[in-house]
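The values are calculated or read from the model by the stated rules, or taken from the named source; none is laboratory data. None of these values were measured; they are calculated from a predicted model. What goes into the accessible areas is simple: the full protein's heavy atoms, side chains included, and nothing from ligands, DNA or RNA. Shrake-Rupley method; radii C 1.70, N 1.55, O 1.52, S 1.80 Å.
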Amino acid sequence: MTETLDLHRAVLHEAVLGWYAEHARELPWREPSAGPWAVMVSEFMLQQTPVKRVLPMYQAWMERWPTPADLAAAPAGEAVRAWGRLGYPRRALRLHAAATAITEQHGGEVPVDHAALLALPGVGEYTAAAVASFAHRQRHAVLDTNVRRVFARLVDGREYPPTATTAAERRIATELLPEDPETAATWAVAVMELGALVCTARTPSCGGCPVARECAWRGAGYPAHDGPPRKGQTYAGTDRQVRGKLLAVLREAHGEVPQDALDAVWGDSVQRGRALDGLVADGLVEPVAPGVYRLPG
């Protein structure tokens, strides 16, 4: 690493870490008393979901299932039920599967080793790095949407990062990590917070950014995004909406549900059938008899 890059890193570290110390939100999974399981639950819930929607669900979840063993002892369907309207309910099944593996293979303790985390069902590259960093204070590049956007603007001078994470992004994130693991763990969450609160997707607050003077995108005059069009997520009228309505009926029933109760939630029988088939294929719904369904387990 060159002397220039070392100097640049030192400036960035001091600025971002200082900003984070002053502006970090107080969140339950960041409390000193929050253990690795609390961090893992929060990471599953926060995927594609804003903090304000996660907070009440997270608190209820942790009261009900404060350890992986508590969740593993419950049927998978109860995890889906408790997920409520948080969205992307397959995350509930994946979290339940991870809790089961932790209970059966790791004595009920969330693994410390990054490779062991990555081997858990439902845990991908991002989640393994996030839990290893935030819960176990290890040195890992943690690349979520917010972090990728910050680095795209700060280093590459682009408004938005590529659609999928690239090797170049991983290299930049790793090069910018502080050497000390504890400091690196704080840096990882600090950059993420900067992207969530200041370097936002649509209305970045450059006047309040601690590294605005070092930002390549700002220095280039804020060039507009010139990559593939960024598609906004639609919901109304989609299969996702139908799936949500079907799951709502099953969650509220606390038992088996006949076909006619599901038919009542959506008029388009073709779309409704496709959505129900998808829920069954994903393991979110179980057919127990012809025309009768329930949550799994």
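For the reader, a short list of remarks on this structure follows.
- Ranked from largest, the principal axis spans of the Cα set of segment 119-186 equal 32, 29, 17 Å.
- Segment 214-297, Rg to Rh (Cα coordinates; Rh as Kirkwood inverse mean 1/r): 1.32
- Estimated [θ] at 222 nm from DSSP helical runs (n ≥ 4, -39500 (n - 2.57)) normalised by residues in the chain, nearest 500: -16000 deg cm²/dmol
- Heavy-atom surface of the chain, accessible at 1.4 Å and reported per residue (Å²): 50
- Note on segment 1-123: Kirkwood hydrodynamic radius from all Cα pairs is 16.1 Å, rounded to one decimal.
- Scaled against 2.2 N^0.38 Å for its residue count N, the alpha carbon radius of gyration of the chain is 1.12.
- Structure remark: mean-square fluctuation, Gaussian network model of the chain, C-alpha springs under 10 Å; the largest value among R251, R81, R170 belongs to R170.
- Converting phi to 3J(HN,Hα) with the Karplus coefficients 6.51, -1.76 and 1.60 and the offset θ = phi - 60°, segment 28-36 yields x, 7, 9, 5, x, 7, 6, x, x Hz in sequence order, with x at every glycine or proline.
- Carbon and sulfur %, accessible surface of segment 208-257 computed with the full protein complex present, 1.4 Å: 49
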